[in-house]
1. Identify, by number, the condition in (1) assigned to a strand (DSSP E or B); (2) within 17 Å of residue 95 (Cβ to Cβ) that residue 200 doesn't meet.
2. Show the residue pairs that are 6+ apart or on different chains and have beta-carbon atoms under 7 Å apart, the first residue being within region 161-190 and without any contact (Cβ under 8 Å) to a residue 24 or more places away in the chain, the second being surrounded by fewer than 19 Cβ atoms within 10 Å (Cβ to Cβ).
3. Can we say residue 162 is surrounded by fewer than 22 Cβ atoms within 10 Å (Cβ to Cβ), over 16 Å from residue 210 (Cβ atoms), at pLDDT 95 or above and out of contact with any strand residue (DSSP E or B) (no Cβ under 6 Å at 6 or more places or on another chain)?
4. Do we have residue 208 as assigned to a loop (DSSP other than H, G, I, E, B), on the phi > 0 side of the Ramachandran plot and under 33 Å from the mean Cα position of the chain (by Cα) here?
5. Of the residues that make up region 124-135, is at least one closer than 22 Å to residue 81 by Cβ and within 30 Å of the chain's Cα centre (by Cα)?
6. Here are the criteria: (1) at pLDDT 95 or above; (2) in a loop (DSSP other than H, G, I, E, B). Tell me which single one residue 76 does not satisfy.
């Protein structure tokens, strides 16, 4: 009798130690709950549900940079780009003349109260006729400057090439045509005679009686 009781007691201990099937699913030792082990997250990957916004290599996440036109910097400084408002011609041997282009020195741009036209140099004379023999240093040889009238007083002298301009004003297409710290300004001639030209000046505006644009 004692042997049977002892045997029954040992069997009871064996069932407890083996963790009998309490869930009724036929799998001993396991329940339907989670195992208690957290899901593994690969290094460098976050656990968010939304993917990070893609940023292409070499770009930042900010908005688009403000557009800066060619020839300018973010600080508003000038450059070597030619102002499209100029009515001069940047090509060597050619002078802008209203709606025409004159081939110098065979022609000159004759400016009068009635307008501008390309004529032979000997034909531009009388009254307020002003010959335009250049509109920038590119039309001159041997490093000469293209000099424009200083104002009304010498308006009829027109534009000519010279080693130095003295009291007259050096013409330019870009800042690169100016020296001594001067920059190229876009100017309208005195009295509106002639087209819009570029003049070198160390000041903040066009020199003399020329109007800044």
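1. Condition not satisfied by residue 200: (2).
2. Close Cβ pairs satisfying both conditions: 162/144; 163/144; 180/202; 181/202; 182/202.
3. Details: surrounded by fewer than 22 Cβ atoms within 10 Å (Cβ to Cβ): yes; over 16 Å from residue 210 (Cβ atoms): yes; at pLDDT 95 or above: yes; out of contact with any strand residue (DSSP E or B) (no Cβ under 6 Å at 6 or more places or on another chain): no.
In short, no.
4. yes
5. Yes.
6. So the condition that residue 76 fails would be (1).
The values are calculated or read from the model by the stated rules, or taken from the named source; none is laboratory data. Just so it is clear, the structure is predicted and the values come from calculations on it, not from any experiment. So basically every Cβ, Gly included, is an ideal-geometry build from the backbone, and we count neighbours across all protein chains shown.
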